[in-house]
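The values are calculated or read from the model by the stated rules, or taken from the named source; none is laboratory data. This is a predicted model, so every value here is computed, not measured. A quick note on method: Cβ atoms are made from the backbone with ideal geometry, for glycine too, and the neighbour counts reach across all protein chains shown. For accessibility, only protein heavy atoms count, side chains too; no ligands or nucleic acids. Shrake-Rupley method; radii C 1.70, N 1.55, O 1.52, S 1.80 Å.
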Amino acid sequence: MDVEHVVGLPHPRLRPFVTRYSGYRMRTEPGIHRGLPSRSLTLVVTMDGTVDLSEGRFATLCGGLHDEAVIITHDGFQHGVQCDLTPLGMRAFFGVPAGELAATTVGLDCLDAPAAELRERLREAPTWTDRFARLDEVLGGLVRPVRQQVEVAWAWQRLAAGAPVAEIAAEVGWSRQHLSARFAAEYGLTPKVVGRVMRFERANRMLRGERRPTLTEVAAACGYTDQAHFNRDWRALCGATPTEWIAAELPFVQGSEHGQGAELPS
């Protein structure tokens, strides 16, 4: 495995809209990779080749929130930049709510973004620092004024803190049904599903750590009722049990994060 993986932070004024940049250049065995559910939308600009999904082959793409794994096939060589967008970033950069891309992926040109220009500018940049700076420039030029419904934005923050849906509905003074409808219109998934995704994301982050805890420890720390609940939820969201995912994907993940990885200063 020959892996280069560099993580950088966007310019401070962009951080409400983009949480991080990840540059990658990987040579591995051909196969498949699971793009796992998370609280971020995914913007990818390839520098060589394409990202091959069931929806098609993309040189640039943006994928919405989803509650099951996205299967990516590859020929063993992957080279590009991934940007983790917040739901607010969809409104800021492209003028649409994240719900417009729920469980789907489109080319950046479908969002009236300068896809070809962005790809060319990244390919011309000599270092990852330069590439991330060019992302700052292009994305910064797309930013427009944004506003979300206060109750819906509050519900997202409370879900991230682990609050139950019924409690959030009571806090904003809405019925659970009305909260679910307004929330899904903005984000594309219901509060219950987003809560599951956020819990899954926490568990996934624990398994990627340098000191990998036991599955029992992860289940308890992330609020699953028991190991069986953890396994069922993981399979539903990932398409594999935690044990199967660790065997198939974790060497790839750890190779990219720890093998030749680096983190650029902010």
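Key figures for this structure:
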read-out: Contact order relative to length of the chain, as percent, for alpha carbon pairs under 8 angstrom and 6 or more apart; value: 24 percent
read-out: C-alpha center-to-center spacing [region 1-26, region 152-182] in angstrom; value: 31 Å
read-out: Among 87, 33, 127 - extreme Cα towards positive end, dipole of region 21-140, charges at beta-carbon; value: 127
read-out: Kirkwood Rh and Cα Rg combined as Rg over Rh, evaluated for the chain; value: 0.96
read-out: Values of log10 I(q)/I(0), in the order q = 0.14, 0.24 Å⁻¹, for region 150-253 under a Debye, Cα-only, solvent-free model; value: -0.60, -1.18
read-out: Which of 179, 203, 225, positive extreme of dipole for region 167-226 (C-beta unit charges); value: 203
read-out: Ellipsoid semi-axes in whole angstrom, largest first, where each is sqrt(5λ) of the Cα gyration tensor of region 110-150; value: 25, 13, 7
read-out: Cα shape, region 2-146, gyration tensor, a/c 1.5 rule; value: oblate
read-out: Rounded to the nearest 20 debye, dipole of region 2-146 from Cβ charges on Lys, Arg, Asp, Glu; value: 480 debye
read-out: Residue 208 versus residue 220: modelled label distance in nm, points set 7 Å from Cα along the beta carbon direction; value: 2.5 nm
read-out: Peptides ranked, highest mean first, by Cβ atoms within 10 Å: ranges 212-220, 16-24, 183-191; value: 183-191, 16-24, 212-220
read-out: Accessible-area ranking of 32, 246, 71, 168, largest first, probe 1.4 Å; value: 32, 71, 246, 168
